[in-house]
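The values are calculated or read from the model by the stated rules, or taken from the named source; none is laboratory data. Treat the numbers as computed from the prediction; the structure is a model and nothing was measured. Positions of Cβ are backbone-derived with ideal geometry, glycine not excepted, and every protein chain shown enters the neighbour counts.
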Amino acid sequence: MRKPVCFALFCAMTCAAHAQPSGGTSLADRPDAKEINFLDNPFAGTSNPAALSFNTIHTLTRATVNTQFLRGGFHAIDESRRDNALSVDIFGLKRIGRLSLSGNIAYLNAKGYDHRWNNTALLSDRNPFVLADSVASDVNREQFGMHAAAALRLSEKLVAALKFRFTTVALSDQTDPRPKTNAMHFEVVPGVIRQLNGHNRIGVAGHIDVYRSDISHTVMNNLVNNVYFLMRGMGDYVQFTSGGNANYTRNYCGTRLAGSLQWHYIKGDAFGNMLEVRMAENREMAEDGGASYTYKGGDYDVAQLDFYDRLTFRTGTSLWHQFILRAALAADNGFWYDQVKRVDTEHANRTYYEVLNKSKVHRSVYTQAGLEYRLDERKGTDCSAWTAIFKSGVSTQETTHYEAESYKQKYSMLHAEADFTKRWKWNNSRIAATLGVCYAARLGNSTYNSVRDKLVDSYSKPMFEYATASQTGIKARLSMDIPVSMYGTPTWVTLYAQTLNTFYTGNNRYSAWYKNTSRSVIDAGVSLTL
């Protein structure tokens, strides 16, 4: 792992030296590099790392310190009610001749309060095989991440790229049964973009993601018999107790493989269309017991197809229009092993579990479709004077759980969002303000079921109520870019604050857990760009 880490350090840090304006842009544009590169780079937003070679702003270094505060009871039942986080991120872009580099290193330290029902980290969101306990506790979370990417223009028509990403998380708390979780993802993403003629480019990219995680418990008070819930989806579970195994352990092992194709069509400077189709397959397996015994905690696999289309055109001299269509179809399966405990009397009474049968217990189909319209007023190569974004979409999920009989859950959701951002100059500084609203509501009738009754009120119904909850939200952001000079290098200091406030507006159909609740997310920080 040493070479990717060193490469990311090089990419993120060396950009501070020999900083030069990028093409038609100026040093003053660097605080808005993300917005400008998205507008100018047709491959921005795709999964192809060769997009790095098409950035307009390709030289900068940015260091950011961010604080985040989460408050309120409107959250998934397996998330913390309150959370405080501090993060540091160093990001860099650099172009050396035909070679474009990108890298970042990020560290986060956070603490979540009143957390329960999920002791995993970095697991797929819809994987039902979660290891949990019902004891509310305060969880400390440390996360380190880095990425390193390089795109080389082999010729005027061919670009090849390679990207590495590494993420690791550690969770711990001091309340029995004291779960301790370590997890990591290591990703490799190669990509190629080829120009066919003056109007067409095609691209292809791959994605390999390796996931590993281990969970252990430490019980200090042996007088209390803690329960470990081995979730299987839809309120179904198998349970063990700390009386039988105080230091219950679990290991997750996963691999994701994906491939994508891109086609970019351009006609002059005023019209372009980017199309991407991506297919991915992911598998995650859970095994409990460690070296002492092996108990299979469930196998999960998912296949997903994603569609992305971005249509761009201009009217007049300054209006940029973009229509972005996103769609996804995912089908997943969960397999459980029927196991029985045995004692090997010929080998010191060693305990083990014999697998009697493997069967499918979970099947889910998820669909999503959304349309986004973005309008920018932009003159020349500067950042937009203002931006308006409108989004709407629908999603559906149908889940079947197989026990003695079949149990079904089904629901559809409507989502809508609108943002407006205005940018202006104040003396030598620049200010940007954003105001937005969001809305979500259940479409049609939903179907709820729970396999077992024990966790209905404390887990199953609140989980389904949150997934189908009607909600409204308002968000705002204010930032100021202040020019300074450090060692003779033009530098920008950015101060920013943003908030998202979401309010539950449902009718408590399945659970009264969220009655009169809301959720606030507040971010504030400072960044240095040079």
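The condition (being within 30 Å of Trp320 (Cβ to Cβ), under 21 Å from the mean Cα position of the chain (by Cα), at pLDDT 95 or above and crowded, with 21+ Cβ neighbours inside 10 Å) is satisfied by just one residue among Phe43, Phe38, Phe74: Phe43.
Checked against the criterion of being assigned to a strand (DSSP E or B), of a type outside the set (D, E, K, R) and surrounded by 15 or more Cβ atoms within 10 Å (Cβ to Cβ), region 337-347 has at least one qualifying residue. Checked against the criterion of being surrounded by 21 or more Cβ atoms within 10 Å (Cβ to Cβ) and within 23 Å of Asp309 (Cα to Cα), the candidates Val204, Val192, Val159 yield just one match: Val159. Only one of the listed residues (Thr400, Thr421, Thr367) is part of a strand (DSSP E or B), touching a Leu at 6+ places or on another chain (Cβ under 9 Å), closer than 30 Å to Phe129 by Cα and of a type outside the set (Phe, Trp, Tyr). That residue is Thr367.
Restricted to region 508-527, and to residues there that are under 25 Å from the mean Cα position of the chain (by Cα), of a type outside the set (Asp, Glu) and surrounded by fewer than 19 Cβ atoms within 10 Å (Cβ to Cβ), the residue that is nearest to Ile482 (Cα to Cα) is Val526. For Ser359, only one of the following conditions fails: (1) surrounded by 15 or more Cβ atoms within 10 Å (Cβ to Cβ); (2) over 30 Å from Pro31 (Cα atoms); (3) in contact (Cβ under 8 Å) with a residue 40 or more places away in the chain. What is its number? Of the numbered conditions (1) surrounded by 15 or more Cβ atoms within 10 Å (Cβ to Cβ); (2) over 30 Å from Pro31 (Cα atoms); (3) in contact (Cβ under 8 Å) with a residue 40 or more places away in the chain, the odd one out for Ser359 is (1).
Applying the condition of being in contact with a strand residue (DSSP E or B) (Cβ under 8 Å, 6 or more places away or on another chain) and touching a residue at least 60 places away in the same chain (Cβ under 8 Å) to region 484-499 and asking which residue is farthest from Arg71 (Cα to Cα) yields Pro490.
Count of region 271-318 residues, restricted to those that are hydroxyl-bearing (Ser, Thr, Tyr), assigned to a strand (DSSP E or B) and closer than 20 Å to Pro42 by Cα, is 3. Among the residues of region 456-504, those that are at pLDDT 95 or above and in a loop (DSSP other than H, G, I, E, B) comprise Thr468, Ala469, Ser470. Counting the residues of region 314-356 that are touching a residue at least 60 places away in the same chain (Cβ under 8 Å), within 21 Å of Val238 (Cα to Cα) and more than 32 Å from the chain's Cα centre (by Cα) gives 1.
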